Each structure stands twice: as C-alpha cells, then as structure tokens.
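A quick write-up on the structure given underneath.
The values are calculated or read from the model by the stated rules, or taken from the named source; none is laboratory data. Everything quoted here is computed from the prediction, not taken from an experiment. Glycine gets a Cβ as well: all are built from the backbone with ideal geometry, and neighbour counts include every protein chain shown. SASA here: full protein model, heavy atoms, side chains in, ligands and nucleic acids out. Shrake-Rupley method; radii C 1.70, N 1.55, O 1.52, S 1.80 Å.
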Amino acid sequence: MSTAGEQDAGLSLQEEHESKTHRTKRRDGDRQKKKRRNERRKGGTRAGEGEEDLQAVSEKRERSKRKRAKSKQETSRRENNEEEEAQLTGGKGTKARKDIRNEKTRRMEKEEVREVEENVDKGKKKQGSTKKGEKKEDGGKQLVKGKAREVKKKKHKKTSEEDDDEEEDNDKDVVRLECLSPEELEKLKEAVDERKKLIQSLRGKPWAMKKKLVTLRESQEFVEKYEGALGKGKGRKLYAYKVLMTKKWMKFQRDFENFKTACIPWEMKIKEIESHFGSSVASYFLFLRWMYGINMILFGLTFGLVMVPEALMGRPYGSMPRKTVPRAEEASAMDFAVLWDFGGYAQYSVLFYGYYNNQRTVGWLKFRMPLSYFLVGVGTVAYSYMVVIRTMARNANESGVGDDNSFNFSWKMFTSWDYLIGNAETADNKFASITTSFKEAILEEQESHKDDNIHLTRFLRVLANFLVLCCLAGSGYLIYFVVRRSQKFALDGLENHTWWERNEVNMVMSLLGMFCPMLFDVISTLENYHPRVALQWQLGRIFALFLGNLYTFIIALMDEINLKRKEEKIVKFNITTWEASLYNGTVSENSTASPVTIHPADVPRGPCWETMVGQEFVRLIISDTMTTYITLLIGDFLRAVLVRFLNYCWCWDLEAGFPSYSEFDVSGNVLGLIFNQGMIWMGSFYAPCLPALNVIRLHVSMYLQCWAVMCCNVPQERVFKASGSNNFYMAMLLVILFLSTLPAIYTIVSIPPSFDCGPFSGKNRMFDVIHETLESDFPPWFSKVFSYASNPGLVLPFILLMVLAIYYLQSTSKSYREANVELKKKLQMVISVLFFL
Amino acid sequence: MGTTASQLSKESLSEYQELTFLTKQEILLAHKRFTELLEKHEKDQIDARVPMGKIITLPELKSNPFKERICRVFSTSEQKDGSLTFEDFLDLLSAFSDSATLEIKSHYAFRIFDFDDDGTLDCADLEKLVNCLTGETNDAKLSSTEMKQLISNILEESDIDKDGTVNLSEFQHVISRSPDFVSSFKIVL
C-alpha cells in the first residue's frame, strides 16, 4: 500500500476523532439535563421502581466491569498493532510521525470516552437514577461503542465470548430504544442514514477489500440493529416494513441489473475484439449493436402494429384487386428472379404499402389500420430522433468539456494507453503511435510553422479538392443517368433486358460507394495534411458522396413518381369507362347481379407509386448488403488467404510488403452503417418490411464482421481513440436522419396517395386519416379543441416561444462557459499568489 | 473472509457485489480465472496469494506496460511482492471495470504512475512513464532533449502550484477533463 492510501486513512481518522469529541461533548450536555430532570421526577417514580432499579444497577455494574476489561484488552492489542504499523511506515519519516500523533490523539480520546462511561456508571450508583435515564445513557454508550468500533476497523477479531456478550447488550438496547426521546431518535436516525450512505459509497472508495468488507459488515450490523427500532408505536411497524421492502427492492434491482447484463448480446465477442484491436475497432461493433437495438424496436413497432394485424385480421389474399397478383404477371409471380426483385407474390403481400386496405377498422378488435399505419410511420421517426438525441446528450455529458486544448501533453502522457489492449502486436503498434504522437507534439511545439513551399501545398490542396468535386459531380450524374435509363427499360418491360440492365441502379450505386472512397484516399495524399485532419477530410468527402448519391437517387425517384401519377390519371379514366361498359353489359341481362363474376386479378389497376418506391428501397438495401458482404469476403478473406499461402512461393514478402493483410476501416464501416440506416428511415414508410430486413442484415453482419476482423485483419498502424469520434458518428446519424425524413415527409404531405392501393387510398392526403379519426372516434369537443390548437394563430407564437427559449438557454450556457474559463484563470492566479507568499 | 477458494458463498458474493462495480457474472468469472492461477493445494485455502509473476501472464495484462505497477498497487501483501489475493484481484477488476467512477479510476491511475510510491509524480516518475509508453525497443526511445522538453511541457500544463511535481489533486483535475480516459482505463476479463 502506498502512502497516498495511508494519508487518506489518516485524514478520515482525524475526521472521525473530531466528530467523536464533538458528539461526546453534546452527549454530556444532554446527560446533565436529563439528570436534572430525573432528579426532579425522582420523588414520584422511585418508590415503585426501587427493586428493579437495584437489579438493573447490579446488572449494569457487572456489564461495565466486563466492558472495561474488554476495552483494556483492546487498547493493548491496538497498541501492539500501532507499533507494528509504525515500524512498517518507519522509513517515511514525517508521515509515520503524523500517524503516531494521530494514534496518540485517538488513544487520548478513547480514554476520555472511557472516563465518561465510568462517570455515567458512578452517577448511576450514586443517584440510583430511574430506568429511563439509564436507558438513554446505554443507548448513547452504544453509539460511542459503534463509533469506537469503526475506528478499530483493523482489529476486528474479537473472541466469541465477547461477541456473545455484546449481542446480549444489543438485544436489550433494541428493546429499550423504544422509549428514547425524539432528539435522540433524530440523532440515531441521522447516524443510521450516515451509515447507509457509507454503505452506498463504499464501492467508490479506494480502499483495500478487507477494509471495505469490515466497514460494510459493521455498518450493516449497525443499520440493522437500529433501523427497526426507529419510529414509534404504529409507525414503527410501518417503518420496519418499509425498510424490509427497500431491502428487497435493492436486491431485486441488483438481480435485475445482473439479468440485464446477461441479456446483452455479443458481449464476449466484443470484448475479445476489444482486447485484440483496442477500443476504436470495438467502438464500431458497439455502434453496430446499438443500431441493432434500435432496429429491433422499429421492427417491433412495424411488425406488431402494422404487418401482423393486416395479415391476421385484414381481408385475405385474393379478396380484392390490390391484394391479388394481376393476371398478366401471374405466370411468373413465383419465379425466383421475380421474387428476388421483390415483384410477384412478394409485391402483393404485407411487405409493401400497396397491399394494405383502406378499411377504417379491421377484425373484431376494430383495429384502426390506416391510423395505425400512419402513426407507426411517424412514431418510428420520432423514436429514432429521440434515441439519437438522447444518446448524443449523454455522450456529451460523459466526455465533459470536450475540446479543451490546455492539457494537450498531459493527456497524451496520462491517458494515451489503452488498457484494453491484450494483443502483443496491437501493443507494439500502440507504442509506436504514442511515440510518434509525442515526437509530433514536441515538433509542433518547437516550431509552430515551417512551410518551405506554401504555394505548392496550396496549389496541391486546391487541385485535390477540385478533383474530389469532379468525382462527386461525376458520380451524381452517373446515378441520375442510370436511374433515367432504368425508367426507360421499365417502360419497355423488364423481360427484354439482361440482368445487368435490370439491376444497374443498385449496382452502380454500390460500386460508386466502394471505389470512390479509395479514389479520395489517393487524392488526399496530394494534400499532405496531418493524418487526423486528413481523416476528417476523408470522412467529410465520403459523407458528401453518399449523400449526393442518395439525393440524386431520390430526385430520380421523384421524376418516376410524377410519371406514375400521370399514368395513374390515364388508368383512372380508363377504369371508369371500363366499369361503365361492364355495368352496361350486365344491366341488360340482370339488374341485381353485381360484377361478382370478375376475378380481382382481372380488374385493371393503377401503378401504385408507393409500392414502387418501397421496392426501390428494398432492392437498394439488398444490393448494398450483398456488396458489403462480398467485399468483405473478397477484399478481406480472399486477400488474407492469398497472402498467407502464396507467401511460401513468392518472390517478395507478401505479408510485410505490398498486399499484406487489410486493416479494419472503422470510419468507412461506420459511414456505411449510417447510410444504410438512412435508407431504412427513408423507405420504411412505404415498405414496412425494411426494418425486418435490416435486423437480419445487422445480425448477419455482426457475426460475419466479427469473424472477418478476428481472422483476416491486422491491427491498425495508427491506433485512434474511440471516444470523441462517438459523438461525431452520432452527429452524422442525426444529420442523415433529418435528411432522410425530409423526402419521406415531403411525399406524405404533398403528394396525394394512389387511388386504388394502400391504407390511405381514396383520401386527398395521407394525413387526412388523423382528421377522420378525430371526427368519428372522438367526442366533438375534442376535435374542436384540436382544431383550435392547430390554428396558425396559436402555433406560430408557440414556435416563437420555443425559439426564444432555445436562444435563452444557449446564451446562458455560453455565459456559464465564460464564467468557467474566468474561474479557472482566477484559480491559477490564486494558487500562484499563494505559492509566492 | 468467508471465501472458500473452490466456491464463493452466497453472502460473500452479494457482499462483493455491494463493494465493487462488478456484476455477479463478472465476479464469478473472475473467481474462475483466479482459481485457475492457484496451485492445486491452495485451491481450498482462504486468502491464497498468487505471485505477481503469474498474474502478469494473464492475456489481459500481458501486453500492458504497467502490469507490474498494477499488481503492486493492488497488492495487500506485506512483503510488497505484488502478489494478489482474490479480493485484491476483485479490487483491481472493479477499478478497471466499465462502471467504475472517474474518481476511483483516476486515483488508481495516479498510484500506478507513481513509480516510487511517494505520493507525487516527480520528474523521475514522468520519465519512467514516458519510457513505459514508448516501449522497450531502442529506436522508439525519445532523445534526452526531447524527454526534457516533454516533461517540462507536462509540468507547465498540469503543475498548478508550481512545486515541480504533479500531486493527486492536480492529476485528477487534468484527468477529469480528458475525453477518453474513462473509456480506455478499462480491463475486462
């Protein structure tokens, strides 16, 4: 044990001494008062209690004798211990002396306490005071004893005889406690609370386990003994009950915690990776797991509230046109190629928007299907916002002030080692990266700027950015071009085209996402930035690329939606004429016969643009997943296998030289995950199956990537820290969430739904379902209130108020920050002044 | 203390849960790993000690440059040989666990970095610390001028009272601002 611990112990001892002396004094005062009171009362009570008193006194005397003997024994033992301790600490002059001084004062105080006790006994003998007084003193003494015991932590071993003796005492004390005065009770309660607090905070104390254990046991004993006695009469039972329940509750909570940690999936896998690659690679997997959790909840919402009710209680397949495969497609509806593209039977199922019926209620539960569909769509987005923002806030709290550069060197020194690293190779890399970071920091400090050819670097940087912009524009145009072309193909009929032409859009997007980052990496070598800055640029560029791609894709989709809507108008017109002709035909034969004879598959129908959008997204996700897995298998696994086995018969060292093994690209993988999530958020309104697909994808990628990273990746050469980037990822996720909800909300709010498919068919806008519900399911006053509340006259001031509140909070936080800086300066000044004095 | 080395009693298990930042599973795992390190005849012994040489072969500690310091800090052995009892081992894991507070982590970090156990980090301590962090290989070592520069920079930043050493409270002040101390000061079995 080092000296710091001893110092601590010394300090706490001193505190205890102080409080003890204080307490004894107080108690003395109390006792005086009580004695006086007792004397006054003596006349009345004495006669009746004489005999008992005698007994009590004799008992007391015996006990006190025993106690005195015990305490003497203990003091001697303690002295021995102290001598030992002094010998141990002898080498450290001053501190040892201080300790001895502490011990001395402690001993003196101990003696004082004993004197007090003796006084009390004497007083009793002399006065033959009433039982009540005795009890109080006894209680008090117990308190003293408890305290004293705490001081004696190290000398906890008592003989069994003594223990028994004490228990006897305790029993009596508990019984007698009933008639304590309120102040004493209050004090006792305070002591109990103190102990409870101590128990709670014990785990945060840097003590050795033995010390903690002893303290815990003593405190628990103390609390148990006195807790039940607190409270009076009827209240006492209730109190005891409450105490019992809190105990049970605590135990339950602890068990629940244990259960919860046991339920967290992949804990061991992540730990293994953590110890192999350090915390930064593990942070990706933690992020992945977090995503998995969110998607599980999204999946639960859509599955439980939308898909299952429709499948169980809605009209069955084949009962109406929107739920039947049209006649033209029937032949190929079960082909694997069609199903793989989510056409055929997959298209006309609960997986997509178009299958849902616009019945207001389904089944015997009167489940409001369209309303539920709408609310789940809104709810998933709202839930995602809530979770992301809450996590961000928590991360921000944990990471504290954040970019404070005043302790640059100290942080490098004290916090740069990652204690999780358990792999020799990673450790070597870490050593190297720490050394270089030290050297860099020193260099930076020595010469703040030494650009030899600033014009060249500037030119190169501008050039690099120009090239990147060209790449971005090119990829954007390519996607737009491909999407337009695919629309043309779609108009011609998909059967006439090759597989490539059918899957062009997704493939191009995935390939761009794969190769452009590599290109950016090459370009960024031109720039000659510090690696950390370079990483940020790289991330920013990939982000821009993905975003650009996604948005071109959406714009192209919008074009397609508009096309479909034009088509829809024509179809609608055709249908009315078709129906009219149908009716004309039937009316002539039989006026009551309805068009029952027409099979729903034969009914002409509009192009359901919502289902089309959903299908596009699902296809995108599938192809994205496939490319991820395939790159993993080829880029990591195959490369590792080749490098490993060709190395025996190759002219240069493959493992150390050119191809070598791949590193795990944390930032790229995180970005991929974030964009994937963005697509889920965007598309899940039109394809309720998306969260389910994503859950499967994440599940598989967890295992696949864990395996790949352990078997074919090498630790990164530059080991970056995980933290700090965490909130960066979250911020990106938030941006993506916002950007991906924008188009979804736009389509919901401004485009009228298709007339013959989906839960909102026949309505002017999708959100009309809210109005409908308000009007028909709620009392009229409610809809009135709602209409008032949604009045612009009320909403605008409310928004204004919120903006003002945000502004106010921001300005106060800014002023707090300034005050903080100011205080820090003052603190430093004060300390330096103190030093000079 | 209530532990038979072969199996943990229920009471001591709950006490350990109360006193450490570990969950039940973690304690049981720690116990399993610890008994694996014990000699056969020691397994039933209460308070059996595992020598430092064995502790630092644990894969979790093996490549840690501070492994010996860690053992010494957490050891309650009277011979100061860095050997650990099961309870010391639990203390270690608790301080390095996920849910331990910044305060306790920084306290132990300070003691780990305080190589000569004198309660402050002086120049010699800092030099040793730098050498630990840069590894044993010679080419990675910093030159003496670099070392001097580095140490003077560190003292300039964190030695608030300008006494030439970093004491516990100064250390904790510095550490508490660091964004990634808590996440990296972790050892998980």
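Per-residue ellipticity at 222 nm, computed for chain B from helices alone with -39500 (n - 2.57) per DSSP H run of at least four residues, works out to -15500 deg cm²/dmol.
Rg ratio for the stretch A:797-837: its Cα radius of gyration over 2.2 N^0.38 Å, N being its residue count, equals 1.97. In the stretch B:102-184, Cα pairs under 8 Å separated by at least six residues give a relative contact order of 35 percent. Shielding of peptide B:100-109 by partners, expressed as the average count of other chain Cβ atoms within 10 Å per residue Cβ, is 3.
What GluC sites (Glu not before Pro) does the stretch B:120-181 have in DSSP loop regions with at most 16 other beta carbons within 10 Å?
B:136
Convex hull volume of the Cα atoms of the stretch B:10-95, normalised per residue: 99 Å³. With only Cα atoms counted, the stretch A:646-713 has Rg and Dmax values of 17.7, 56 Å. At q = 0.21, 0.24, 0.28 Å⁻¹, what log₁₀ I(q)/I(0) does the stretch B:122-189 have when each alpha carbon counts as one equal point scatterer in the Debye sum? Values, matching the q order: -1.02, -1.13, -1.22. Legend: residue pairs B:43/B:80; A:242/A:271; B:54/B:105; A:225/B:105; A:242/B:43; A:260/B:105, Cα-Cα distance threshold 32 Å; pairs beyond threshold, A:242/A:271; A:225/B:105; A:242/B:43.
Just round it to a whole percent: the fraction of Cα-Cα distances in chain B exceeding 20 Å.
Numbers: 10609 of 17766 pairs.
Taking all Cα-Cα pairs of chain B, the fraction more than 20 Å apart is 60 percent.
Exposed loop sites here are trypsin sites (Lys or Arg not before Pro) assigned a DSSP state other than H, G, I, E or B and surrounded by at most 16 other beta carbons within 10 Å; excluding them, the longest clear run of chain B is B:81-140.
Give the average, rounded to an integer, of partner chain Cβ atoms located within 10 angstrom of each Cβ in B:167-178.
4
Peptide B:16-29 is shielded by partner chain Cβ atoms: per residue, an average of 4 of them sit within 10 Å of its Cβ. Averaging the Cα positions of each part gives two centres, and for the stretch A:328-363 and the stretch A:614-654 these lie 34 Å apart.
Taking 7 Å steps out from each Cα toward its Cβ at residue B:41 and residue A:710 produces label points 3.9 nm apart. Were the residues from residue A:646 through residue A:339 laid out at 0.36 nm apart, the gain over their Cα-Cα distance would be 106.4 nm. Label sites at residue A:798 and residue B:161, each approximated as a point 7 angstrom past Cα along Cα to Cβ, lie 5.7 nm apart. Longer than 25 Å from Cα to Cα, which of A:814/B:162; A:269/B:24; A:323/A:566; B:32/B:186 are they? Say none if no pair is. In this structure, A:814/B:162 exceed 25 Å between Cα atoms. Rounded to the nearest 20, the size of the Cβ-charge dipole of the stretch B:10-95 about its Cα centre is 400 debye, with Lys and Arg at +1 and Asp and Glu at -1. Computed from Cα positions, the angle between helix B:10-19 and the longest principal axis of chain B comes to roughly 20 degrees.
Using a Förster radius of 41 Å, what is the FRET efficiency between residue A:783 and residue B:172 based on their Cβ-Cβ separation? Nearest 0.05, please.
0.10
Interface B-A: total buried accessible area of about 6700 Å², 1.4 Å probe, protein heavy atoms only.
Computed across the stretch A:182-256, the Kirkwood hydrodynamic radius from all distinct Cα-Cα pairs reaches 13.5 Å.
On full extension, the segment bounded by residue A:572 and residue A:767 gains 68.0 nm, given 0.36 nm per residue less the C-alpha separation.
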